[in-house]
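Report on the structure given below.
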Amino acid sequence: MHGKDSAFPEWENGVLPPFPENSHADSFLRRTPELVGRLSTRLFAEHNPLRTDPDSWPYASAWAASVIRDSAWSLHHGRPSQRVNRMTETYWAELEEESWAIHPRHTGQAARFLFEEITAALPPDAPSAGVRAALVTAQNETTLRMEAAQIRANARFLSQEQAANQEFRRFLARELHDRLGSSVSLANRQLELYELLSVHKPDAKANGRLRALKGALLELNQQLRVLISDQRRSERAGSLETALRSYADSLELTVPEVRMDFSGEESWVPPHFLDELFLVLRECLRNSVRHAGAAQVHIAVRLDRAEVRAIASDDGSGFDVEAQLARGSEDGASTGLTSLSERITALGGRVRFLSSPEDGTRTMILVPITTPSIGAESAR
């Protein structure tokens, strides 16, 4: 922290000037080594890695001294401190981003122990307003530490979960290619050899059936290639707009013409919302290309702090929406429409399909953005 803190005009260059000698705040602040020592002893007895890990304790003890110092300020001035020691917060942020980062329960234990030590050490004969202010400051700063630790732990867990999901997709793509794909190719090759042999002994009926079977195998092989490619391209590389445009470019289309419009800041939208929206809009684009026979495809996305709106439309052949949804529910299979609906519903949003035969398709998506509060995050 450099220069004067606007909330503490007497705080110069991050150094708190001494309190009046023998004042309550001065006496309390002089007990900092004792209080940090007591915290160290209690954490060591509990085998808390904040104390037992030699790399962690310097950060933890610096944070403890900072909270004690701020509590002393509040004790002297009679009002809670709003200052956050930016340097110590930065140290802890770096500490908790390491692979050996401290579990939130250990941080919570350290915060609780420190609050108890500060409470016990406050001078009993100090003005009640100062004592209350010091307790509020200690509670605020220890609670902030616990919340920050929990949020970072949640973020790490989600990152690890996403990495595991992507690794499984890559594994599935390899298995499809190496096992099922090779079997289909082998079966197709055997049919080609049979066709060469059947030239000398033609059978029109059998040959017709073989041609149909060969066509089915070729289509299956093509679908496998698409599925494998999609599994490997399931990660949203970069922004939503970049990922969708890259996918469209990878299709090397001349028809249909694909137009995309984006507005808003992606930083307003949780990353997993963007991941799911990418999968949904990619499926809409793929359906327009593979099934609709469209000449024009338009994708429009609007992002704001409250909601995400997206529309995917084409001028293709269209279909009977109710019949398609009913067919998916009757045979127990999850059709493309059902899958899209499930993804959007899982985000708390809703999707509407507007289409009819020979009249194109319009998919309308609305997803409210719900950002949990810090308290809600820390409680999870």
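Let me confirm something: among GLY181, GLY130, which residue is open to solvent by less than 60 Å² (accessible area, probe 1.4 Å), modelled with pLDDT of 75 or more and assigned to a helix (DSSP H, G or I)?
Just a single option satisfies the conditions, and that option is GLY130.
Filter segment 337-364 down to residues that are open to solvent by less than 30 Å² (accessible area, probe 1.4 Å) and assigned to a loop (DSSP other than H, G, I, E, B) and give me whichever is modelled with the highest pLDDT.
GLY349
Can you tell me which residues in segment 277-310 are farther than 13 Å from TYR247 by Cβ, open to solvent by less than 40 Å² (accessible area, probe 1.4 Å) and more than 27 Å from the chain's Cα centre (by Cα)?
ALA292, ALA294
Out of (1) modelled with pLDDT under 70; (2) crowded, with 19+ Cβ neighbours inside 10 Å, the odd one out for ALA64 is which?
(1)
How many residues are surrounded by 14 or more Cβ atoms within 10 Å (Cβ to Cβ) and modelled with pLDDT of 80 or more when one looks only at segment 367-380?
2
The values are calculated or read from the model by the stated rules, or taken from the named source; none is laboratory data. Worth saying up front: this structure is predicted, and the values here are computed from it rather than measured. FYI the Cβ positions are ideal-geometry reconstructions off the backbone, even for glycines, and counts take in every protein chain you see. For accessibility, only protein heavy atoms count, side chains too; no ligands or nucleic acids. Shrake-Rupley method; radii C 1.70, N 1.55, O 1.52, S 1.80 Å.
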